[in-house]
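Worksheet for the structure shown next.
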Amino acid sequence: MAEKEIVVPAIKDGTVIDHIPSRVTLKIMKLVDPQEFEHAITLGLNLFSKKIGKKGVIKMSDKFLTEDEIEKIAVLAPLATVNIIKNYEIIKKTHVHPPKLIEKTVKCPNPNCITNMEKITTKFHVEQEEPIKLKCHYCERSMTKDDIVLN
Amino acid sequence: MTGGFKGRDIISIADLSKEDILKILDASKSMEDNPDPNLMKGKILATLFFEPSTRTRLSFTSAMEKMGGQVLGFDSDSVSSAAKGETVWDNAKMIEQYADVIVQRHKVEGAARVAAEAAKVPVINAGDGANQHPTQTLLDLYTIKKEKGKIDGLNIGFVGDLKYGRTVHSLSMALSMFNSKQYFIAPDTLQMPDSYIENLEKHNISFVIGKDLLKYAKDLDIIYMTRIQKERFPDPVEYNKLKGIYQIDKSFLKHTKPDVRILHPLPRVDEIKTDLDDTENAAYFRQAGNGIPVRQAIIALVTGMI
(Lines give C-alpha, C1' and ligand atoms only; values in the text may rest on other atoms or scores of the structure.)
Protein backbone atom coordinates (compact mmCIF):
# COMPACT_ATOMS: atom_id res chain seq x y z
CA MET A 1 0.00 0.00 0.00
CA ALA A 2 2.77 2.45 0.98
CA GLU A 3 4.56 1.83 -2.32
CA LYS A 4 1.39 2.53 -4.29
CA GLU A 5 0.95 5.87 -2.56
CA ILE A 6 4.41 6.89 -3.65
CA VAL A 7 3.66 6.03 -7.27
CA VAL A 8 0.34 7.90 -7.32
CA PRO A 9 0.00 10.41 -4.50
CA ALA A 10 -3.06 10.26 -2.22
CA ILE A 11 -5.84 12.80 -2.48
CA LYS A 12 -7.79 14.43 0.32
CA ASP A 13 -11.24 14.52 -1.23
CA GLY A 14 -12.34 13.20 -4.58
CA THR A 15 -12.48 10.00 -6.61
CA VAL A 16 -9.96 7.29 -7.34
CA ILE A 17 -10.67 5.05 -10.31
CA ASP A 18 -8.58 1.93 -9.93
CA HIS A 19 -8.02 -1.32 -11.82
CA ILE A 20 -8.42 0.27 -15.23
CA PRO A 21 -6.70 -1.68 -18.02
CA SER A 22 -3.74 0.54 -19.02
CA ARG A 23 -4.85 0.76 -22.65
CA VAL A 24 -8.19 2.43 -21.82
CA THR A 25 -6.96 4.69 -19.04
CA LEU A 26 -6.52 7.68 -21.33
CA LYS A 27 -10.00 7.12 -22.80
CA ILE A 28 -11.48 7.24 -19.30
CA MET A 29 -9.36 10.27 -18.52
CA LYS A 30 -11.35 12.09 -21.20
CA LEU A 31 -14.46 11.93 -18.99
CA VAL A 32 -13.19 15.23 -17.67
CA ASP A 33 -11.62 17.91 -19.79
CA PRO A 34 -8.26 18.60 -18.12
CA GLN A 35 -8.23 22.10 -19.63
CA GLU A 36 -11.52 22.97 -17.96
CA PHE A 37 -11.15 20.93 -14.77
CA GLU A 38 -9.81 23.17 -12.00
CA HIS A 39 -8.51 20.59 -9.54
CA ALA A 40 -5.59 18.19 -9.51
CA ILE A 41 -5.68 15.03 -11.58
CA THR A 42 -3.05 12.34 -11.04
CA LEU A 43 -2.61 9.62 -13.56
CA GLY A 44 -0.74 6.36 -13.21
CA LEU A 45 -0.13 4.04 -16.14
CA ASN A 46 1.36 0.56 -16.44
CA LEU A 47 1.21 -0.04 -12.70
CA PHE A 48 1.43 -3.64 -11.55
CA SER A 49 -1.87 -5.31 -10.69
CA LYS A 50 -2.37 -8.90 -9.54
CA LYS A 51 -5.95 -8.71 -10.81
CA ILE A 52 -5.50 -7.38 -14.34
CA GLY A 53 -1.76 -7.26 -15.08
CA LYS A 54 -0.87 -3.72 -16.13
CA LYS A 55 -3.33 -1.24 -14.76
CA GLY A 56 -4.03 2.46 -14.78
CA VAL A 57 -5.18 4.61 -11.86
CA ILE A 58 -6.82 8.02 -12.08
CA LYS A 59 -7.15 10.25 -9.02
CA MET A 60 -9.29 13.33 -9.35
CA SER A 61 -9.42 15.81 -6.51
CA ASP A 62 -12.81 17.24 -5.61
CA LYS A 63 -14.54 15.33 -8.39
CA PHE A 64 -17.47 13.00 -7.72
CA LEU A 65 -18.71 11.03 -10.69
CA THR A 66 -22.25 11.08 -12.01
CA GLU A 67 -24.10 7.83 -12.74
CA ASP A 68 -23.57 8.41 -16.47
CA GLU A 69 -19.85 8.75 -15.95
CA ILE A 70 -19.70 5.57 -13.87
CA GLU A 71 -21.65 3.77 -16.61
CA LYS A 72 -19.09 4.90 -19.18
CA ILE A 73 -16.29 3.55 -17.00
CA ALA A 74 -18.15 0.25 -16.64
CA VAL A 75 -18.38 -0.08 -20.41
CA LEU A 76 -14.70 0.63 -21.01
CA ALA A 77 -13.32 -1.08 -17.91
CA PRO A 78 -15.78 -3.61 -16.47
CA LEU A 79 -13.33 -4.65 -13.72
CA ALA A 80 -12.62 -1.11 -12.51
CA THR A 81 -13.31 0.13 -8.98
CA VAL A 82 -14.44 3.63 -8.14
CA ASN A 83 -13.42 4.84 -4.68
CA ILE A 84 -14.87 7.96 -3.12
CA ILE A 85 -12.34 9.62 -0.85
CA LYS A 86 -13.19 11.98 2.01
CA ASN A 87 -10.39 13.29 4.18
CA TYR A 88 -7.91 10.71 2.80
CA GLU A 89 -10.22 7.79 3.69
CA ILE A 90 -12.12 5.58 1.25
CA ILE A 91 -15.71 6.09 2.28
CA LYS A 92 -17.26 4.13 -0.59
CA LYS A 93 -15.85 1.53 -2.92
CA THR A 94 -17.87 0.57 -5.99
CA HIS A 95 -17.10 -2.31 -8.31
CA VAL A 96 -18.53 -1.03 -11.55
CA HIS A 97 -20.87 -3.21 -13.57
CA PRO A 98 -22.27 -2.40 -16.96
CA PRO A 99 -26.07 -2.30 -16.75
CA LYS A 100 -27.98 -4.74 -18.99
CA LEU A 101 -29.06 -1.83 -21.16
CA ILE A 102 -26.69 1.05 -21.83
CA GLU A 103 -28.48 4.19 -22.88
CA LYS A 104 -27.01 7.26 -24.52
CA THR A 105 -23.40 6.95 -23.27
CA VAL A 106 -22.09 4.89 -26.20
CA LYS A 107 -22.08 5.71 -29.91
CA CYS A 108 -22.91 3.06 -32.52
CA PRO A 109 -19.90 2.35 -34.74
CA ASN A 110 -22.14 1.49 -37.71
CA PRO A 111 -22.32 4.63 -39.92
CA ASN A 112 -25.55 3.31 -41.49
CA CYS A 113 -27.31 2.98 -38.12
CA ILE A 114 -30.34 5.23 -37.63
CA THR A 115 -28.79 6.57 -34.41
CA ASN A 116 -26.06 8.16 -36.54
CA MET A 117 -28.59 9.66 -38.96
CA GLU A 118 -31.38 11.00 -36.78
CA LYS A 119 -31.63 12.30 -33.24
CA ILE A 120 -32.25 9.00 -31.51
CA THR A 121 -30.88 8.12 -28.07
CA THR A 122 -28.55 5.15 -28.47
CA LYS A 123 -29.31 1.90 -26.65
CA PHE A 124 -27.06 -1.13 -26.36
CA HIS A 125 -27.73 -4.55 -24.88
CA VAL A 126 -24.79 -5.98 -22.96
CA GLU A 127 -24.33 -9.45 -24.44
CA GLN A 128 -21.20 -10.22 -22.47
CA GLU A 129 -19.50 -8.33 -19.61
CA GLU A 130 -15.83 -9.38 -19.82
CA PRO A 131 -14.56 -9.03 -22.45
CA ILE A 132 -17.39 -6.66 -23.13
CA LYS A 133 -19.69 -7.23 -26.09
CA LEU A 134 -22.53 -4.85 -26.88
CA LYS A 135 -25.37 -5.13 -29.39
CA CYS A 136 -27.04 -2.04 -30.82
CA HIS A 137 -30.77 -2.07 -30.02
CA TYR A 138 -31.51 -0.47 -33.40
CA CYS A 139 -29.18 -1.83 -36.09
CA GLU A 140 -28.42 -5.06 -34.11
CA ARG A 141 -24.71 -4.80 -34.90
CA SER A 142 -22.48 -6.31 -32.23
CA MET A 143 -19.35 -4.58 -31.06
CA THR A 144 -16.39 -5.51 -28.93
CA LYS A 145 -14.19 -3.33 -26.73
CA ASP A 146 -12.08 -2.00 -29.59
CA ASP A 147 -15.13 -0.59 -31.41
CA ILE A 148 -16.52 1.26 -28.42
CA VAL A 149 -16.70 5.02 -28.80
CA LEU A 150 -18.27 7.08 -26.05
CA ASN A 151 -20.88 9.69 -26.83
CA MET B 1 -41.05 -12.65 -26.18
CA THR B 2 -43.80 -15.21 -26.64
CA GLY B 3 -47.56 -15.14 -26.45
CA GLY B 4 -50.32 -13.24 -28.19
CA PHE B 5 -49.46 -11.43 -31.37
CA LYS B 6 -52.05 -8.65 -31.27
CA GLY B 7 -50.27 -5.29 -31.30
CA ARG B 8 -46.83 -6.81 -31.70
CA ASP B 9 -44.22 -5.45 -34.09
CA ILE B 10 -42.30 -7.84 -36.34
CA ILE B 11 -38.89 -6.23 -36.58
CA SER B 12 -36.27 -8.93 -36.20
CA ILE B 13 -36.03 -12.70 -36.16
CA ALA B 14 -34.12 -12.21 -32.89
CA ASP B 15 -37.41 -11.04 -31.27
CA LEU B 16 -39.21 -14.29 -32.12
CA SER B 17 -39.14 -17.52 -30.12
CA LYS B 18 -39.44 -20.93 -31.75
CA GLU B 19 -43.02 -21.06 -30.49
CA ASP B 20 -43.76 -17.71 -32.19
CA ILE B 21 -42.27 -18.95 -35.46
CA LEU B 22 -44.28 -22.17 -35.38
CA LYS B 23 -47.44 -20.20 -34.65
CA ILE B 24 -46.81 -17.96 -37.68
CA LEU B 25 -46.11 -21.01 -39.89
CA ASP B 26 -49.31 -22.72 -38.70
CA ALA B 27 -51.32 -19.55 -39.34
CA SER B 28 -49.74 -19.30 -42.80
CA LYS B 29 -50.94 -22.79 -43.61
CA SER B 30 -54.48 -21.89 -42.50
CA MET B 31 -54.36 -18.81 -44.73
CA GLU B 32 -53.32 -20.94 -47.67
CA ASP B 33 -55.80 -23.76 -47.01
CA ASN B 34 -58.79 -21.63 -46.02
CA PRO B 35 -58.46 -18.16 -47.56
CA ASP B 36 -60.91 -15.61 -46.17
CA PRO B 37 -61.53 -12.77 -48.65
CA ASN B 38 -63.21 -10.65 -45.96
CA LEU B 39 -60.85 -11.15 -43.03
CA MET B 40 -59.29 -7.67 -43.20
CA LYS B 41 -62.36 -5.82 -44.51
CA GLY B 42 -62.34 -2.23 -43.28
CA LYS B 43 -58.65 -2.37 -42.32
CA ILE B 44 -55.86 -0.38 -43.92
CA LEU B 45 -52.25 -1.40 -44.43
CA ALA B 46 -49.69 1.35 -45.05
CA THR B 47 -46.71 0.34 -47.16
CA LEU B 48 -43.89 2.80 -46.50
CA PHE B 49 -41.14 1.94 -48.96
CA PHE B 50 -38.41 4.53 -48.53
CA GLU B 51 -36.36 2.26 -50.75
CA PRO B 52 -37.92 0.57 -53.78
CA SER B 53 -38.61 -3.16 -53.60
CA THR B 54 -41.13 -4.28 -56.14
CA ARG B 55 -41.57 -7.88 -55.06
CA THR B 56 -41.86 -7.32 -51.33
CA ARG B 57 -44.26 -4.40 -51.74
CA LEU B 58 -46.45 -6.19 -54.27
CA SER B 59 -46.47 -9.30 -52.13
CA PHE B 60 -47.71 -7.34 -49.09
CA THR B 61 -50.25 -5.50 -51.23
CA SER B 62 -51.55 -8.72 -52.73
CA ALA B 63 -51.66 -10.37 -49.29
CA MET B 64 -53.77 -7.55 -47.84
CA GLU B 65 -56.09 -7.17 -50.82
CA LYS B 66 -56.77 -10.91 -50.98
CA MET B 67 -58.10 -10.57 -47.41
CA GLY B 68 -60.39 -7.68 -48.37
CA GLY B 69 -58.24 -4.97 -46.81
CA GLN B 70 -57.03 -1.74 -48.36
CA VAL B 71 -53.51 -0.52 -48.98
CA LEU B 72 -52.01 2.95 -49.12
CA GLY B 73 -48.41 4.03 -49.30
CA PHE B 74 -45.44 5.08 -51.38
CA ASP B 75 -42.54 3.30 -53.01
CA SER B 76 -39.68 5.78 -53.11
CA ASP B 77 -38.24 8.26 -50.66
CA SER B 78 -38.28 10.92 -53.35
CA VAL B 79 -42.09 11.06 -53.19
CA SER B 80 -42.34 10.69 -49.43
CA SER B 81 -41.97 13.33 -46.79
CA ALA B 82 -38.44 12.00 -46.16
CA ALA B 83 -37.45 14.10 -49.17
CA LYS B 84 -38.53 17.11 -47.12
CA GLY B 85 -36.43 15.99 -44.18
CA GLU B 86 -39.08 14.31 -42.03
CA THR B 87 -37.65 11.79 -39.59
CA VAL B 88 -38.60 8.12 -39.47
CA TRP B 89 -40.08 8.73 -36.03
CA ASP B 90 -42.33 11.61 -37.15
CA ASN B 91 -43.36 9.78 -40.28
CA ALA B 92 -44.49 6.73 -38.26
CA LYS B 93 -46.38 8.99 -35.79
CA MET B 94 -48.25 10.48 -38.72
CA ILE B 95 -49.01 7.24 -40.56
CA GLU B 96 -50.40 5.59 -37.41
CA GLN B 97 -53.29 8.03 -37.74
CA TYR B 98 -54.11 6.67 -41.19
CA ALA B 99 -53.56 2.91 -40.99
CA ASP B 100 -54.15 -0.14 -38.81
CA VAL B 101 -50.77 -1.68 -39.58
CA ILE B 102 -47.55 -0.39 -41.13
CA VAL B 103 -45.07 -2.18 -43.39
CA GLN B 104 -41.81 -0.30 -43.77
CA ARG B 105 -38.68 -0.72 -45.84
CA HIS B 106 -35.78 1.68 -45.34
CA LYS B 107 -32.15 1.70 -46.38
CA VAL B 108 -31.00 2.74 -42.92
CA GLU B 109 -30.41 0.00 -40.33
CA GLY B 110 -32.54 0.33 -37.23
CA ALA B 111 -35.18 2.46 -39.00
CA ALA B 112 -37.80 -0.27 -38.45
CA ARG B 113 -37.17 -0.38 -34.70
CA VAL B 114 -37.53 3.40 -34.50
CA ALA B 115 -40.81 3.32 -36.44
CA ALA B 116 -42.08 0.56 -34.14
CA GLU B 117 -41.22 2.59 -31.04
CA ALA B 118 -42.96 5.63 -32.50
CA ALA B 119 -46.16 4.09 -33.85
CA LYS B 120 -49.06 2.83 -31.76
CA VAL B 121 -50.10 0.46 -34.53
CA PRO B 122 -48.01 -2.65 -35.29
CA VAL B 123 -45.01 -2.21 -37.57
CA ILE B 124 -43.71 -4.98 -39.83
CA ASN B 125 -40.13 -4.63 -41.01
CA ALA B 126 -39.82 -5.25 -44.75
CA GLY B 127 -36.07 -4.69 -44.67
CA ASP B 128 -33.84 -2.16 -42.88
CA GLY B 129 -30.57 -1.84 -44.78
CA ALA B 130 -28.28 -4.82 -44.27
CA ASN B 131 -29.97 -5.69 -40.98
CA GLN B 132 -33.24 -7.65 -41.00
CA HIS B 133 -36.04 -8.76 -43.31
CA PRO B 134 -37.99 -11.10 -41.06
CA THR B 135 -40.93 -11.84 -43.37
CA GLN B 136 -38.50 -13.19 -45.99
CA THR B 137 -37.04 -15.51 -43.36
CA LEU B 138 -40.48 -16.67 -42.29
CA LEU B 139 -41.49 -17.43 -45.86
CA ASP B 140 -38.20 -19.29 -46.34
CA LEU B 141 -38.98 -21.41 -43.27
CA TYR B 142 -42.55 -21.94 -44.47
CA THR B 143 -41.21 -23.10 -47.84
CA ILE B 144 -38.78 -25.55 -46.23
CA LYS B 145 -41.56 -26.94 -44.03
CA LYS B 146 -44.00 -27.20 -46.91
CA GLU B 147 -41.53 -28.78 -49.33
CA LYS B 148 -39.97 -31.25 -46.90
CA GLY B 149 -42.78 -31.71 -44.34
CA LYS B 150 -40.46 -30.67 -41.50
CA ILE B 151 -37.62 -28.33 -40.54
CA ASP B 152 -35.83 -30.47 -37.94
CA GLY B 153 -33.39 -33.10 -39.09
CA LEU B 154 -32.61 -31.61 -42.50
CA ASN B 155 -29.26 -30.79 -44.09
CA ILE B 156 -29.53 -27.22 -45.32
CA GLY B 157 -26.85 -25.74 -47.58
CA PHE B 158 -26.32 -22.03 -48.16
CA VAL B 159 -24.42 -21.25 -51.35
CA GLY B 160 -22.86 -18.08 -52.78
CA ASP B 161 -22.56 -14.74 -51.04
CA LEU B 162 -22.87 -15.63 -47.38
CA LYS B 163 -20.93 -12.64 -46.15
CA TYR B 164 -23.31 -9.90 -47.28
CA GLY B 165 -26.50 -11.90 -47.80
CA ARG B 166 -29.01 -10.63 -45.26
CA THR B 167 -31.48 -13.42 -46.02
CA VAL B 168 -28.83 -16.05 -45.28
CA HIS B 169 -27.92 -14.47 -41.94
CA SER B 170 -31.51 -14.28 -40.74
CA LEU B 171 -32.41 -17.77 -41.96
CA SER B 172 -29.34 -19.27 -40.28
CA MET B 173 -30.33 -17.53 -37.04
CA ALA B 174 -33.90 -18.80 -37.27
CA LEU B 175 -32.76 -22.34 -38.13
CA SER B 176 -30.54 -22.35 -35.04
CA MET B 177 -33.80 -22.81 -33.11
CA PHE B 178 -34.39 -26.05 -35.02
CA ASN B 179 -32.30 -29.17 -35.17
CA SER B 180 -31.00 -28.95 -38.72
CA LYS B 181 -27.41 -29.18 -39.93
CA GLN B 182 -26.20 -26.10 -41.80
CA TYR B 183 -23.65 -26.11 -44.65
CA PHE B 184 -21.96 -22.86 -45.70
CA ILE B 185 -20.55 -23.18 -49.20
CA ALA B 186 -18.73 -20.08 -50.38
CA PRO B 187 -15.28 -18.80 -51.30
CA ASP B 188 -13.28 -17.62 -48.27
CA THR B 189 -13.89 -13.96 -49.09
CA LEU B 190 -17.68 -14.44 -49.03
CA GLN B 191 -17.99 -16.85 -46.09
CA MET B 192 -20.45 -16.52 -43.22
CA PRO B 193 -19.46 -13.80 -40.69
CA ASP B 194 -18.04 -15.08 -37.39
CA SER B 195 -20.91 -13.75 -35.29
CA TYR B 196 -23.38 -16.12 -37.02
CA ILE B 197 -21.03 -19.07 -36.62
CA GLU B 198 -20.72 -18.22 -32.91
CA ASN B 199 -24.51 -18.20 -32.70
CA LEU B 200 -24.61 -21.79 -34.04
CA GLU B 201 -21.94 -22.88 -31.58
CA LYS B 202 -23.94 -21.33 -28.76
CA HIS B 203 -27.00 -23.35 -29.80
CA ASN B 204 -25.00 -26.57 -30.38
CA ILE B 205 -26.01 -26.70 -34.03
CA SER B 206 -23.86 -28.82 -36.38
CA PHE B 207 -22.42 -26.95 -39.31
CA VAL B 208 -19.92 -27.40 -42.14
CA ILE B 209 -17.86 -24.69 -43.82
CA GLY B 210 -16.58 -25.44 -47.32
CA LYS B 211 -16.09 -24.23 -50.85
CA ASP B 212 -16.90 -27.18 -53.07
CA LEU B 213 -20.62 -27.44 -53.82
CA LEU B 214 -20.27 -30.77 -55.66
CA LYS B 215 -18.59 -32.32 -52.62
CA TYR B 216 -21.58 -31.61 -50.37
CA ALA B 217 -24.42 -31.72 -52.93
CA LYS B 218 -25.32 -35.37 -52.24
CA ASP B 219 -25.85 -34.66 -48.50
CA LEU B 220 -28.20 -31.70 -48.86
CA ASP B 221 -32.00 -31.68 -48.53
CA ILE B 222 -32.26 -27.95 -49.20
CA ILE B 223 -29.91 -25.81 -51.29
CA TYR B 224 -30.38 -22.10 -50.63
CA MET B 225 -28.73 -20.32 -53.55
CA THR B 226 -27.86 -16.62 -53.42
CA ARG B 227 -26.79 -14.02 -55.91
CA ILE B 228 -23.22 -12.77 -55.77
CA GLN B 229 -23.89 -9.04 -55.84
CA LYS B 230 -21.66 -6.93 -58.05
CA GLU B 231 -22.12 -3.84 -55.89
CA ARG B 232 -20.42 -5.59 -52.95
CA PHE B 233 -17.06 -5.71 -54.72
CA PRO B 234 -14.79 -2.69 -54.82
CA ASP B 235 -12.62 -4.56 -57.33
CA PRO B 236 -14.40 -5.66 -60.57
CA VAL B 237 -11.63 -8.20 -61.27
CA GLU B 238 -12.42 -9.97 -58.00
CA TYR B 239 -16.15 -9.96 -58.91
CA ASN B 240 -15.50 -11.46 -62.33
CA LYS B 241 -13.41 -14.19 -60.75
CA LEU B 242 -16.13 -15.21 -58.30
CA LYS B 243 -19.42 -14.47 -60.05
CA GLY B 244 -19.74 -17.70 -61.94
CA ILE B 245 -18.36 -20.20 -59.45
CA TYR B 246 -21.69 -21.55 -58.27
CA GLN B 247 -23.79 -21.76 -61.42
CA ILE B 248 -26.11 -24.72 -61.44
CA ASP B 249 -28.25 -26.23 -64.18
CA LYS B 250 -30.32 -29.37 -64.73
CA SER B 251 -27.20 -31.56 -64.98
CA PHE B 252 -26.30 -30.55 -61.41
CA LEU B 253 -29.19 -32.74 -60.21
CA LYS B 254 -27.08 -35.83 -61.02
CA HIS B 255 -25.02 -34.94 -57.94
CA THR B 256 -27.90 -34.34 -55.52
CA LYS B 257 -30.50 -36.31 -53.62
CA PRO B 258 -33.46 -36.93 -55.98
CA ASP B 259 -35.81 -34.94 -53.72
CA VAL B 260 -33.49 -31.99 -53.04
CA ARG B 261 -35.23 -28.63 -53.06
CA ILE B 262 -33.53 -25.53 -54.46
CA LEU B 263 -34.48 -22.18 -52.93
CA HIS B 264 -33.43 -18.66 -53.87
CA PRO B 265 -34.65 -15.34 -52.44
CA LEU B 266 -34.67 -13.94 -56.03
CA PRO B 267 -33.85 -12.08 -58.17
CA ARG B 268 -31.36 -14.50 -59.68
CA VAL B 269 -28.71 -13.46 -62.17
CA ASP B 270 -27.11 -16.53 -63.70
CA GLU B 271 -26.53 -18.76 -60.67
CA ILE B 272 -29.54 -20.94 -61.56
CA LYS B 273 -30.00 -21.75 -65.24
CA THR B 274 -33.55 -21.62 -66.55
CA ASP B 275 -33.48 -25.30 -67.62
CA LEU B 276 -33.90 -26.14 -63.91
CA ASP B 277 -37.13 -24.15 -63.61
CA ASP B 278 -39.51 -26.87 -64.76
CA THR B 279 -38.12 -29.53 -62.42
CA GLU B 280 -39.89 -30.42 -59.17
CA ASN B 281 -36.61 -29.62 -57.39
CA ALA B 282 -36.84 -25.93 -58.31
CA ALA B 283 -38.79 -24.45 -55.42
CA TYR B 284 -37.84 -20.79 -55.82
CA PHE B 285 -40.96 -19.56 -57.56
CA ARG B 286 -43.18 -21.50 -55.17
CA GLN B 287 -41.08 -19.88 -52.42
CA ALA B 288 -41.91 -16.39 -53.75
CA GLY B 289 -45.59 -17.40 -53.87
CA ASN B 290 -45.44 -18.49 -50.24
CA GLY B 291 -44.84 -14.84 -49.38
CA ILE B 292 -48.59 -14.31 -49.75
CA PRO B 293 -49.97 -16.68 -47.06
CA VAL B 294 -47.05 -15.91 -44.72
CA ARG B 295 -47.57 -12.16 -44.98
CA GLN B 296 -51.33 -12.63 -44.67
CA ALA B 297 -50.77 -14.58 -41.46
CA ILE B 298 -48.44 -11.92 -40.05
CA ILE B 299 -50.82 -9.05 -40.91
CA ALA B 300 -53.80 -10.92 -39.44
CA LEU B 301 -51.92 -11.94 -36.28
CA VAL B 302 -50.52 -8.51 -35.38
CA THR B 303 -53.85 -6.81 -36.01
CA GLY B 304 -55.60 -9.39 -33.82
CA MET B 305 -57.87 -10.60 -36.61
CA ILE B 306 -56.93 -14.25 -36.02
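Just for the Cα atoms in segment B:1-76, what are the lengths along the principal axes, largest first, rounded to whole Å?
Cα spread of segment B:1-76 along its principal axes, largest to smallest: 34, 29, 21 Å.
Give the whole-number value, in cubic angstrom per residue, of the convex hull volume spanned by the C-alpha atoms of the protein assembly as shown.
For the protein assembly as shown, the hull spanned by Cα atoms encloses 178 Å³ per residue.
Nearest 10 degrees is fine. How inclined is helix B:166-175 to the longest principal axis of chain B, computing both from alpha carbons?
Tilt of helix B:166-175: around 90 degrees.
May I ask you to rank B:Met192, B:Met177 by accessible area, largest first, using a 1.4 Å probe over the protein chains only?
Output order, biggest surface exposure first: B:Met177, B:Met192.
What aspartates and glutamates could a cross-link reach from B:Lys6, if we take a straight Cα to Cα line under 14 Å and drop same-chain neighbours fewer than 8 places away?
Counting by Cα, and skipping residues close in sequence, B:Lys6 has these aspartates and glutamates nearby: B:Asp20, B:Asp100.
Roughly how many Å is it from the Cα centre of segment A:14-76 to that of segment B:171-240, as a whole number?
Answer, in whole Å: 44.
As a check on your grasp of the helix formula, calculate [θ] at 222 nm for chain B: sum -39500 (n - 2.57) over DSSP H runs of n ≥ 4, divide by the residue count, round to the nearest 500.
My calculation for chain B gives -11000 deg cm²/dmol from helical runs alone.
By how many degrees, 0 to 90 and rounded to 10, does the Cα axis of helix A:67-76 deviate from the longest principal axis of chain A?
With both axes taken from Cα atoms, the answer is about 80 degrees.
Taking the Cβ of B:Glu271 as the center, what net charge do the other residues with Cβ under 9 Å away carry, scoring Lys and Arg +1 and Asp and Glu -1?
Surrounding charge for B:Glu271 is +3.
At most 15 other C-beta atoms within 10 Å and a DSSP loop state: those are the exposed trypsin sites (Lys or Arg not before Pro) I care about. Give me the longest piece of chain A that has none.
After excluding every exposed loop site, the longest remaining stretch is A:52-99.
To one decimal place, what Kirkwood hydrodynamic radius in Å is obtained for chain B from all pairs of distinct Cα atoms?
19.9 Å is the Kirkwood radius here.
Rounding to the nearest 10 and keeping the result within 0 to 90°, find how far the Cα-based axis of helix B:54-66 lies from the longest principal axis of chain B.
Compared with the principal axis, the helix lies near 50 degrees.
Over all distinct Cα pairs, what is the inverse of the mean 1/r for segment B:123-273, reported as the Kirkwood hydrodynamic radius in Å?
15.7
For segment B:201-241, what is the Kirkwood estimate of the hydrodynamic radius, computed as the reciprocal of the mean inverse distance between distinct Cα atoms, to one decimal in Å?
About 13.3 Å for segment B:201-241.
Just need the relative contact order of segment A:22-151 here, percent rounded to a whole number, with Cα pairs under 8 Å and 6+ apart.
Reported relative contact order: 16 percent.
Ignoring ligands, DNA and RNA, how much accessible area is buried between chains A and B, both sides summed, with a 1.4 Å probe, to the nearest 100 Å²?
Interface between A and B: roughly 1200 Å².
How big is the antiparallel share of DSSP beta bridges in the protein assembly as shown, given as a percent to the nearest 5?
Restricted to the protein assembly as shown, the bridges split so that about 50 percent are antiparallel.
Rounded to two decimals, what is Rg over Rh for segment B:210-284 when you use alpha-carbon atoms and the Kirkwood radius?
0.98
Name the residues of segment B:125-166, by number, that are at least 20 Å² less accessible with every protein chain in place than in the isolated chain; the surface is that of heavy atoms, probe 1.4 Å, without ligands or nucleic acids.
B:Asn131
Given the Cα atoms of segment B:22-171, and with Rh set as the inverse mean 1/r over their pairs in the Kirkwood sense, what is Rg to Rh to two decimals?
Computed over Cα atoms, the ratio is 0.99.
At each listed q (0.23, 0.27, 0.28 Å⁻¹), what is the log10 of I(q)/I(0) that the Debye formula gives for segment B:174-234 modelled as equal alpha-carbon point scatterers?
Values returned for q = 0.23, 0.27, 0.28 Å⁻¹ are -1.10, -1.30, -1.33.
Under 18 Å Cα-Cα from B:Lys66, which lysines qualify once same-chain neighbours fewer than 8 residues away are excluded?
Excluding near neighbours in sequence, the set is B:Lys29, B:Lys41, B:Lys43.
Peptides B:99-105, B:26-32, B:197-203: what's the order by average Cβ count within 10 Å, highest mean first?
With the highest mean Cβ count within 10 Å placed first, the list reads B:99-105, B:26-32, B:197-203.
Could you state the accessible area per residue of chain A in Å², with a 1.4 Å probe and every protein chain left in place?
Value for chain A: 56 Å² per residue.
When N is the residue count of segment A:22-151, what does its C-alpha Rg come to as a fraction of 2.2 N^0.38 Å?
Output field value: 1.12.
State, as an integer percentage, the relative contact order of chain B based on alpha-carbon contacts under 8 Å between residues 6 or more apart.
After rounding, I find 21 percent.
Going from most exposed to least, what order do B:Phe178, A:Phe64, A:Phe37 have by accessible area with a 1.4 Å probe?
In descending accessible area the options line up as A:Phe64, A:Phe37, B:Phe178.
Arrange the residues A:Val82, B:Val71 by how much accessible surface each exposes, largest first, with a 1.4 angstrom probe.
Result, largest first: B:Val71, A:Val82.
The values are calculated or read from the model by the stated rules, or taken from the named source; none is laboratory data. Not measured: the values here are computed from a predicted model. Here the Cβ is made from the backbone with ideal geometry for all residues, glycine too, and neighbour counts use every protein chain on show. The area values use the complete protein model at the heavy-atom level, side chains included, leaving out ligands, DNA and RNA. Shrake-Rupley method; radii C 1.70, N 1.55, O 1.52, S 1.80 Å.
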